Amino acid sequence: MSEDRTTRIRLAAAAVSVVLALAAAPRARADEDLPYSLRQELEGLLRKRVADLVEQKDKDGIPYKRGAYSKSFHKVDENTYQVTFHQDTIEQDESAGPRLKVERLLLTLQKGPTGKWAIAKEEVKDTYANLYRTYLVRDETYSFDSFAFEKEGLRVRGGAGFLLKRFRHGKPAGFVLVADNLKYDYTPPPDAGYYGPLHHVVLKRDPKRFIFEPERLRVWCDPDTCEGFFGSVFQGLKKAAPGAGAPGGLQDRAAKTFEEDVREAEKSRRENPFAGFFRPLDPDRRTWSFRFQRGSDETRDFAVSYDSYEAMEVSVWAPAEVSGFWYSAPYYVYYSEETRKSGKDPYELELRPDAEARDYDLEELEGSVDIALDDAEAVEGDVTYKMKLKRELRELPFFISRRRLPGEERDVKNPRMFINSVQDGQGNELTWVRTGGASALVIFPEKLPAGKELTLRLQFRNLDSIVKVNPSYSFMDRGGWLPFVRFTDMIRRFDLTVRAPSRFKLLGVGKRVSESVDGAVTTTRWVSERPVSFPTIIFGDYIEDGPSFKATKLDGTEIPVRVYVDRISTQALDTRAFETRGTQKDFEKFVEELQGGARDIRGKQLKAIADQAANSLNLYREIYQQDYPYGKLDLVADPMGGFYGQAPASIIYLGFGVFRGEGRVASGLITGMGGGGADITKFNKDVVPHEVGHQWWGSLINNANFRNYWFVESLAEFSSALFVEN
């Protein structure tokens, strides 16, 4: 399902305006002593170079070149500087379709006799051309007499119909299909685990969530699998356009569907010419996805997908509703039939990596980041990574996380990652290319072998990475805010210096080893003596408190425990709009306060949370006979979350509802929003010990992949049960 319309839009950067924005690289760190006026003049040359590239258009009037420059200028002499420039060109390959060529140039900037600077020389240091985009061709239309497919619990049948093929790299990448009597059914395989009984319950409650009358079928597949489908799934397949037909009939529906797809692809190309370019799939990767659609509401589709690179190859996608918003989510995930019948060791299967974790193991991270200094929504970093490659590769993908709950304000934010420089361990510049607003590839000069230890230095700037909720609290995505850092990584050496506005309290990972204030900027350094999983940084204008007794390690060393609540969250909500059927003005005031994070959290509530955390630390120390792995534990209130908890290394986030008293929770009087009851009261009794348990189960011991996240969750829940019992 990686190439549907929703994903293409999500990957798009925003058309030509974003092409121009590629020049907005991070402020340089290597040459910050460069005079401001000189920097402006040099960058002016490069901005013009970028603008000139965008002005070049193809026969359809669409830009096909873009550029991005580094802001690290290397001085040769008083009149000469050199800088790295990346230039991307969309090429139309007759046999392979649209291809993106990436060139890394070394530009020499010189000051002439008149005192003006100019680009005196350009050298091509590296060229890479292995990124392709899917495309549709109107005359690649076929008719068939019937088709049938059955695999992984999915059974599809159809009569006569038409299909339009989709291509990438000159090879089939899928198709869209319209047919008479198009029907399907789905039942989890009997040997796929507990999904059978679960599916029975789901169907009883909402049968149309999984089975409905589809209007069309979209299929994505790797080239070999696609060719196999064309040879075995269809009967009487032959090249033939739908042609004219009776309104609403098969031919009419097929013609309209195919034309709609072609025009949508053309529209996407016009709106963002550089979106959707990816590497060809690895030769050994097998993937297919059947997506059934009805009407134009894409959030109510149903799909079954297979990917041989995933830890569990099969995923079943169905619509889900969260807070009134519909989105498509994986309902079931399980091993493929081939794997289930292979007799492979279950323990080895549990350790299979996710598709995005097959390339490298991140072992060390050291560097510095600036948070919300010159831009309240920007993160700027200069970070050196040490990693070990897990397989032979030339291209190394990386990204920043964009996981959000649908419908929330944070869903509006689209983080954008700008690369200033990527260097190897010897300081040599490496080629890179953007593959989306928040993703990119590093290109090595040649293939590197599996097992190679690699050092990369990345200078970057992420925009719209921070959501400012109110003047005292900002939200930063925790699931991968640093490039190259994934949720399940275990980083054995972590050393990060963080700078932020001095009016805020900075909280980081592991242990604060230094802190200094210089004017409006606070600088802290965070080091962990134990491996770090899921590192996070948070800052705010807080009130704080600690426990009434000590939490200690096995040798008696104290573990500092602090609870933090931003000051706006201590303000009370005016709930008259609900309690007295107030005026529209009362209601608008309530909504404004609510969106700003006013939560009426009292200072005295912090100590109770701190006591729970300290009690949990002491209990688990005795039960597991393993020390808490970090130098402190911070618990932070999240004013935008209700009843929830999340536990990165050494920091725990708690929804504002966790700070409510038991009586208020049970009565449902939660800031005038209803809710509550016995279940929530129970949740509040064990959410803190559950999240503290994650410091053992999730930090000391981590899940190998996302599909087995149940492992650390189950043991954290078991830990909280022991806490409640004790």
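The values are calculated or read from the model by the stated rules, or taken from the named source; none is laboratory data. Just so it is clear, the structure is predicted and the values come from calculations on it, not from any experiment. Positions of Cβ are generated from backbone atoms using ideal geometry, with glycine treated the same way; all protein chains shown enter the neighbour counts. Each accessible area value is taken on the protein alone, full model and side chains, heavy atoms only, with ligands, DNA and RNA left out. Shrake-Rupley method; radii C 1.70, N 1.55, O 1.52, S 1.80 Å.
Scalar couplings 3J(HN,Hα) for region 64-69, obtained by applying the Karplus form with A = 6.51, B = -1.76, C = 1.60 to θ = phi - 60°, are 10, 9, 8, x, 8, 10 Hz; x denotes Gly and Pro. With the whole protein complex present, Arg394 retains an accessible surface near 60 Å², based on a 1.4 Å probe.
Considering helices alone, the calculated mean residue ellipticity of the chain at 222 nm is -6500 deg cm²/dmol, with DSSP H runs of length four and up weighted by -39500 (n - 2.57) and normalised per residue.
Determine the shape class of the chain: with a ≥ b ≥ c the square roots of the Cα gyration tensor eigenvalues, call it rounded for a/c under 1.5, and otherwise prolate if a/b is greater than b/c, oblate otherwise. Intermediate results must be reported in sequence, preceding the final value.
Values: a/c = 1.66, a/b = 1.13, b/c = 1.47.
Oblate, since a/c reaches 1.5 and b/c is not below a/b.
Stretched out straight at 0.36 nm per residue, the stretch from Arg602 to Ala572 would grow longer than its current Cα-Cα span by 9.9 nm. Classification of region 99-141 by its C-alpha gyration tensor yields a prolate form. The axis ratio a/c (a ≥ b ≥ c) is 1.5 or more, and a/b outweighs b/c. In this calculation the C-beta distance from Asp60 to Phe230 is compared with R0 = 30 Å, giving a FRET efficiency of 0.45.
The fraction of accessible area contributed by carbon and sulfur in region 49-188 is 43 percent, rounded to a whole number (1.4 Å probe; ligands and nucleic acids excluded).
For Gln626 and Glu215 in the same chain, what is the full-extension length gain: residue separation times 0.36 nm, less their Cα-Cα distance, in nm? Can you show the working numbers first?
Details: separation 411, 0.36 × 411 = 147.96 nm, distance 5.73 nm.
Gain on extension, Gln626 to Glu215, equals 142.2 nm.
Report, in cubic angstrom per residue, the convex hull volume of the C-alpha atoms of region 98-210. All intermediate terms of the calculation are to be shown ahead of the outcome.
On the way: hull volume 28.3 nm³, N = 113.
For region 98-210, the hull spanned by Cα atoms encloses 250 Å³ per residue.
Distance between the 7 Å Cα→Cβ label points at Thr455 and Glu260: 5.6 nm.
Spin-label model, Lys121/Leu198: points 7 Å from Cα along the beta carbon direction are separated by 6.3 nm.
In nm, what is the difference between 0.36 nm times the number of residues separating Asp145 and Arg157 and their Cα-Cα distance? The partial results should precede the final answer.
On the way: separation 12, 0.36 × 12 = 4.32 nm, distance 1.16 nm.
Fully extending the segment from Asp145 to Arg157 adds 3.2 nm.
Cross-link pairs exceeding 20 Å between alpha carbons, from the set Lys101/Lys125; Lys386/Lys632; Lys238/Lys267; Lys550/Lys604; Lys57/Lys116; Lys171/Lys256: Lys386/Lys632; Lys238/Lys267; Lys57/Lys116; Lys171/Lys256. Mean silhouette area of region 192-333, derived from the convex hull of its C-alpha atoms and averaged over all directions, reads 12.3 nm². Couplings 3J(HN,Hα) of region 690-697, computed from phi: 4, 5, 5, x, 5, 5, 8, 9 Hz, in residue order, whole Hz [Karplus 6.51 cos²θ - 1.76 cosθ + 1.60, θ = phi - 60°; x for Gly and Pro].
Region 254-270 and region 518-563 have Cα centres separated by 54 Å.
How much FRET efficiency would the formula 1/(1 + (r/R0)^6) give for Asp541 and Gln110, where r is the Cβ-Cβ distance and R0 is 56 Å, rounded to 0.05? Walk me through the intermediate numbers first.
Values: r = 49 Å, r/R0 = 0.88.
The computed FRET efficiency comes out at 0.70.
Remark: spin-label model distance Asp374-Glu41 equals 2.0 nm, labels positioned 7 Å along the Cα→Cβ axis.
A 1.4 Å probe run over the protein chains yields, for region 46-103, 45 Å² of accessible area per residue, whole-number rounding. Count Lys and Arg as plus one, Asp and Glu as minus one, and take only other residues whose Cβ is under 15 Å from that of Gly546; the net charge is then +1.
Kirkwood Rh, region 451-579, all Cα pairs: how many Å?
With all distinct Cα pairs of region 451-579 included, I get 17.5 Å.
Nearest 0.05, what FRET efficiency do Arg493 and Ser548 give at R0 = 35 Å with Cβ-Cβ as r? Here the calculated transfer efficiency is 0.50.
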